[in-house]
Each structure stands twice: as structure tokens, then as C-alpha cells.
1. Of the residues that make up the range 100-122, is at least one farther than 30 Å from Gly36 by Cα, surrounded by fewer than 17 Cβ atoms within 10 Å (Cβ to Cβ), among the hydroxyl-bearing types (Ser, Thr, Tyr) and not assigned by TED's automatic domain parsing to the domain that holds Val58?
2. Which condition number does Phe70 fail, the rest of (1) loosely packed, with under 15 Cβ neighbours inside 10 Å; (2) modelled with pLDDT of 95 or more being met?
3. Given the structure, is Tyr187 modelled with pLDDT under 95, aromatic (Phe, Trp, Tyr) and not assigned by TED's automatic domain parsing to the domain that holds Gly36?
4. Does Ile13 qualify as being in a helix (DSSP H, G or I), closer than 30 Å to Ile139 by Cα, in contact with a helix residue (DSSP H, G or I) (Cβ under 6 Å, 6 or more places away or on another chain) and at pLDDT below 90?
5. How about the range 123-138: which of its residues are surrounded by fewer than 19 Cβ atoms within 10 Å (Cβ to Cβ) and farther than 18 Å from Tyr53 by Cβ?
6. Test His193 against the criterion of being surrounded by fewer than 18 Cβ atoms within 10 Å (Cβ to Cβ) and under 30 Å from His62 (Cα atoms), and give yes or no.
7. Sort out which residues of the range 42-51 are surrounded by 13 or more Cβ atoms within 10 Å (Cβ to Cβ) and either of a type in the set (Lys, Arg) or closer than 15 Å to Arg84 by Cβ (or both), and write them in order of number.
Amino acid sequence: MLGSALRRRGAVIAMIVAGSMISAAPAAAHCDGLDGPVVEAARRSLETGDVRYALVWVLAEHEAEIRHAFDHAMKVRALGEEARELADRHFFETLVRVHRAGEGAPYTGLKPAGRDLGPAIPAADRALASGEVGELETIVLDEVRARLRELYEAAAALSRYEPTDVAAGRKFVAAYVPFIHYVEEVYALAAGHAQAAEHGHEAAGAGTHGHE
């Protein structure tokens, strides 16, 4: 029960991380890394001869494709060291590609081991391994608070403008829209919605938030 609760809590935190990066560069994923969990599962399947380690990373409808790729890799591996390396690489690529397809994400090739994934992803993995989520909470919530305050302060600083001052109003709108987008999207992710709430604020109506 405790482990399940921690996993659910970790999933929510991971979603908040995703939301916190919306206004910045896309967060780095590690499922396509040579040192990521998908390739690690592929290695374990090849080493043990048990495809089930790999199958957990794909949808049920894709299982046949992975079983076929695995059986082929196991046969080719027996042909020698060079063949083994080629077979392993092909199986890694197939598993990652199919896994990402199941997420609705494009496959852009295997990424090298040792990439800088930032603080959150390694902390998430450490939390699952240790059963302690405190470090991850601190990293994520500090990031969310900092970004929220940054966007809020930018909008608040421009919010008191004369309604007839179009130039000032447009500056406010340019700060207001990212702030509201961030709030809506992060809240929707944290609340467990599959997609962030569709933004309903029109730029033309945002001027009503100005003050005399």
C-alpha cells in the first residue's frame, strides 16, 4: 500500500514537472537513452532470454512486434560478437521506437548514455528506488513556485494601465497570457487531467483586467 501511494504521488509530481516546463524548453526524456530504463529492460531480456522484461514497456497490441524482434535478435546473437552487437542495437531501437509510439511520441534515435537530464528525472528514479519522495518534492515544488512567481510578477507589474492606453494594454496581455496558460496547465496536470484545460481567455478580453 505504501509503495502504491508513493508511486501515485510520484506520478502527480512528474506531471507537475511537465507543466512547469511548458513555458521553457521541452523537458528531456530518458526512455530513449542507452542508459534509460527501456534499454536496460531490453538488455535484461537479451541476457536472460526472457522477453517479458521488455514487454512491460509496450502496449499489449504491440507485443507481437516485440516478440518477433526479440526472437530474431536471439538467433542473430548466436552468430558471433559482431552479429551480437548489431542484433542488440536493433532490438534496443525497436523497443524504444515501439514504446514511444505507444506514448504518441516520435522516435528520434537512441541517445547516448550520460546525458544531462536535469535534476528532476534522476530524482524521480531515485525516489522510486528508495521509496523516499522528499528530495523530488523539493526539486519540483521549488521549480513550480519560482516559475509561478516569475510569471505572476511580470503580469502584476503591467496590470494597472489606463484602459484607453492600447500600447500599455498590449504589454499587459503579453505577460498575462503566459501566466494564465501556466496556471491552467500546471493545475490541470496536478489534478490528474489527461490534458490541460483548453485556454479560454481571449487576448481581446484580457484588457478588462486593467485598472484605473
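1. Of all residues in the range 100-122, those farther than 30 Å from Gly36 by Cα come to none.
Among the residues of the range 100-122, not one is farther than 30 Å from Gly36 by Cα, surrounded by fewer than 17 Cβ atoms within 10 Å (Cβ to Cβ), among the hydroxyl-bearing types (Ser, Thr, Tyr) and not assigned by TED's automatic domain parsing to the domain that holds Val58, which makes the answer no.
2. That leaves (1) as the condition not met.
3. Details: modelled with pLDDT under 95: yes; aromatic (Phe, Trp, Tyr): yes; not assigned by TED's automatic domain parsing to the domain that holds Gly36: yes.
Yes, satisfied.
4. On the way: in a helix (DSSP H, G or I): yes; closer than 30 Å to Ile139 by Cα: yes; in contact with a helix residue (DSSP H, G or I) (Cβ under 6 Å, 6 or more places away or on another chain): yes; at pLDDT below 90: yes.
The answer is yes for Ile13.
5. Pass one, the range 123-138, residues surrounded by fewer than 19 Cβ atoms within 10 Å (Cβ to Cβ): 125-126, 128-132, 134-135, 137-138.
Selection gives Arg126, Ser130, Gly131, Glu132, Gly134, Glu135, Glu137, Thr138.
6. On the way: surrounded by fewer than 18 Cβ atoms within 10 Å (Cβ to Cβ): yes; under 30 Å from His62 (Cα atoms): yes.
Considered against the rule, which asks whether it is surrounded by fewer than 18 Cβ atoms within 10 Å (Cβ to Cβ) and under 30 Å from His62 (Cα atoms), His193 comes out as yes.
7. If we filter the range 42-51 for residues that are surrounded by 13 or more Cβ atoms within 10 Å (Cβ to Cβ), which is where we start, we get 42-46, 51.
Matches in the range 42-51: Ala42, Arg43, Arg44, Ser45, Leu46.
For (1) in contact with a Pro (Cβ under 9 Å, 6 or more places away or on another chain); (2) modelled with pLDDT of 95 or more, each residue gets a yes or a no:
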| residue | (1), (2) |
| --- | --- |
| Met1 | no, no |
| Arg9 | no, no |
| Cys31 | yes, no |
| Leu46 | no, yes |
| Ala64 | no, yes |
| Met74 | no, yes |
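The values are calculated or read from the model by the stated rules, or taken from the named source; none is laboratory data. Predicted model, so just to flag it, every value in this text is computed and none were measured. For neighbour counting, all protein chains shown are included, and Cβ atoms are generated from backbone atoms with ideal geometry for every residue, glycine included.
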